[in-house]
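Structure, as structure tokens:
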Amino acid sequence: MTYLTPGNPSKRLQKIIAFILIAAVIFTIRLVDLQIIQANAINEKSYEKRAVTRIIPALRGQIIDANGKVLAKTVFRYDINAAPSKVAPITRTVNGVPVVVTVEQLVSEIGAILEMSPADVTAKITGTGEYAQIKKRVDAASYRKLKDLDIPWLYEDPIAERIYPNGAVAGNLLGFITESGLMEGLEQLYDKCLAGVPGEETFEKGVDGIKIPSSVISTKKAVPGRNIRLSIDSDLQYFTQQVLASTVSRLRADWASAVIIETKTGRILAAAEAPSVDPNDPGKLSADDRRARVFQFAFEPGSTLKTVTAATVIDTGLGSPNSQAVATYSYSLPNTGGYTVTDSHFHPTEYLTLTGVLAESSNTGILDIGKDVDYKTRYRYLEKFGLGSKTALSFPGEGSGQLNELKDWDGVKKFTSMFGQGISVTPIQSAMMYQTFGNGGVRLDPVLVDGCESDVNNFRIPETAGGVRVISEESNRQVLEMMERVVESGAIGRYGAIPGYRVGAKTGTAEIRDPNTGKYAGPYAISYFGVAPIDNPQFVVAVTAYKSRTVSSSLGVAAPFKKIMQQVLRAYRVAPSNTKTSDLPLNWK
């Protein structure tokens, strides 16, 4: 039998003590490492898990009209969310006494504010997840009421929403912003001014995933966008859009436009069209009808360009208002292989002055007089009137019209360009062409925006730039007198006359070229462009209807021109004319 003899008790104790000391040293070293050496790193990791950064949207600037009326602004809406897994009763202090508020009571309070039934709210917040949306786009007043409930498992996402208080008024100019951030119109053109700079808020959340009260660590304030003021008179814009909507319906036209210009400043008081898009809901219209056709769509001006041809003849010294034309029904163009131009209706040979040519809108008559000016000179004048070039506004998608290079003008275009066929213009180019006649022969750049300011009270109307002298003042005076005779005696022009005021205008009916066949046919682009009062020109109104189907002449837009011009003269309190009207002869034989 073998017996185990016990060891030395003191040695065993020493080993135990040594083991304890070693463990203590290791623990101490680890503790020092965690609390001192790695403390910053651990804290940073812990902070990263707790810290949440939220973007604070910047308030986009306003777009206001010439009189300070708000056309576009941004308001904050709030998406109201919950953390279903954290839904629980809360404790409120009432009269110094803690009171438990049940989930059912909280649901009832939430539903009353959000106009939802308790059952609907309960369905939204039931679950185990960290996120559930209760309601989107809640207004600021309702959001503040919810905040006052102080429910920790409710939270919000602020949403900056662009709204247009006047709906479709100037909608095609203002443009819009889609949910994906795509922009149109002035919203796009002036985005750098309007946008502002977003801010940030960093806060801590607890282990339950809910924001810790008063835990905001840092805040970078959002910088609001600045504002732009338009030259547009929204009341006049609205009136004009209403007239155009009626015109499109009556003519069964594709669209209609009207531009109103202050002649001495180039300020655009209205740039209207129908159909008109409501930027609050742009999807209701087709992509074409959401466009700003005033700037983006080009059409052949037809006889409205005869005024430019007449001005060129007079300014070059090759004719006068009394120049004599033999206006036959048809006119064979030389060196074109027999190409023939006719007037709009059959008539015996007429002996018209240049004034009579405009009043009767004779194609053959303008060719008979205009042929004395070489086509290179006429091309130069077309350029001086602004054709073939975009305006200085640089509106998004703006067109330049079509004025082919001179080397590309064939024998036909050298003649048909005299009465507006074979070239094209945008509505804004048309209006600025006639602004030249209303400003003593000086063409200005159009003005649509007065500037970009943080304070809407700081806007000032910019000084008018010098402009470009297109024709002499004397030549311009004679052109205005001829335009007045169009309104006094023209078969269609007289329907735009306004009692008490001297009005000058030119009508235009243009066939539309088929892009597939190259042939011209109806329906037509019909126009009526005018200046008033002739003795002190202040306003231009240029009205066009595209593809008019029920009326095939500019008679279809004479009445709309008259309504709009009358409204402008009335709104701006222009005194009636008190000078003698033009008595230029229409015939020489």
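Each reported figure results from applying straightforward, stated rules to the coordinates on display, with no laboratory input. As the structure is a prediction and not an experimental result, all values here were calculated from the model. Cβ coordinates were reconstructed from backbone atoms using ideal geometry, including for glycine residues, and neighbour counts include every protein chain displayed.
Just to check, using Stokes-Einstein with a Kirkwood Rh over alpha carbon pairs, what's the diffusion coefficient of the range 234-571 at 20 °C and 1.002 mPa s in µm²/s? Please report the intermediate quantities before stating the final value.
On the way: Rh = 20.0 Å.
Reported coefficient: 107 µm²/s.
Calculated from the structure, log10 I(q)/I(0) by the Debye sum over Cα atoms at q = 0.05 Å⁻¹ equals which of (1) -0.26; (2) -0.37; (3) -0.21?
(2)
Could you check the simple spin-label distance between Phe76 and Lys371, using points 7 Å along Cα→Cβ, in nm with one decimal?
7.4 nm
Going by C-beta contacts inside 10 Å, put Val543, Val103, Val138 in order with the fewest on the left.
Numbers: Val543 35, Val103 15, Val138 21.
Starting with the residue having the fewest Cβ neighbours, the order is Val103, Val138, Val543.
Counting only the backbone N, which residues of the range 486-516 are under 20 Å from the spot 7 Å out from the Cα of Asn587 toward its beta-carbon?
Correct set: 486-494.
Can you give the percent of C-alpha pairs in the range 435-491 whose distance is more than 14 Å?
Percent of Cα pairs beyond 14 Å in the range 435-491: 66.
Please identify the longest segment of the chain free of exposed GluC sites (Glu not before Pro), where exposed means a DSSP state other than H, G, I, E or B and no more than 13 other Cβ atoms within 10 Å. Before the final figure, lay out each step's value.
Values: sites that count: Glu115, Glu179, Glu405, Glu463.
The longest uninterrupted stretch comes out as 180-404.
List, in the order given, every pair from Lys264/Lys390; Lys562/Lys589; Lys306/Lys384; Lys73/Lys192 whose Cα-Cα distance in the structure shown is over 23 Å. Don't skip to the end; give the middle numbers.
Numbers: Lys264/Lys390 20 Å; Lys562/Lys589 32 Å; Lys306/Lys384 15 Å; Lys73/Lys192 15 Å.
Correct reply: Lys562/Lys589.
Quote the FRET efficiency, to the nearest 0.05, computed for Arg477 versus Ser389 with a Förster distance R0 of 30 Å and r equal to the Cβ-Cβ distance. Display every interim value, and only then the final one.
Working: r = 26 Å, r/R0 = 0.88.
Once rounded, the FRET efficiency stands at 0.70.
Return the calculated 222 nm mean residue ellipticity for the chain, to the nearest 500 deg cm²/dmol, obtained by summing -39500 (n - 2.57) across DSSP H runs with n ≥ 4 and dividing by the residue count. All intermediate terms of the calculation are to be shown ahead of the outcome.
Details: 18 runs with 186 residues, N = 589.
Mean residue ellipticity, 222 nm, calculated: -9500 deg cm²/dmol.
Quick one: Tyr329, Tyr524, Tyr78, fewest Cβ neighbours within 10 Å first, how do they rank?
Numbers: Tyr329 15, Tyr524 26, Tyr78 21.
In increasing order of surrounding Cβ atoms, one gets Tyr329, Tyr78, Tyr524.
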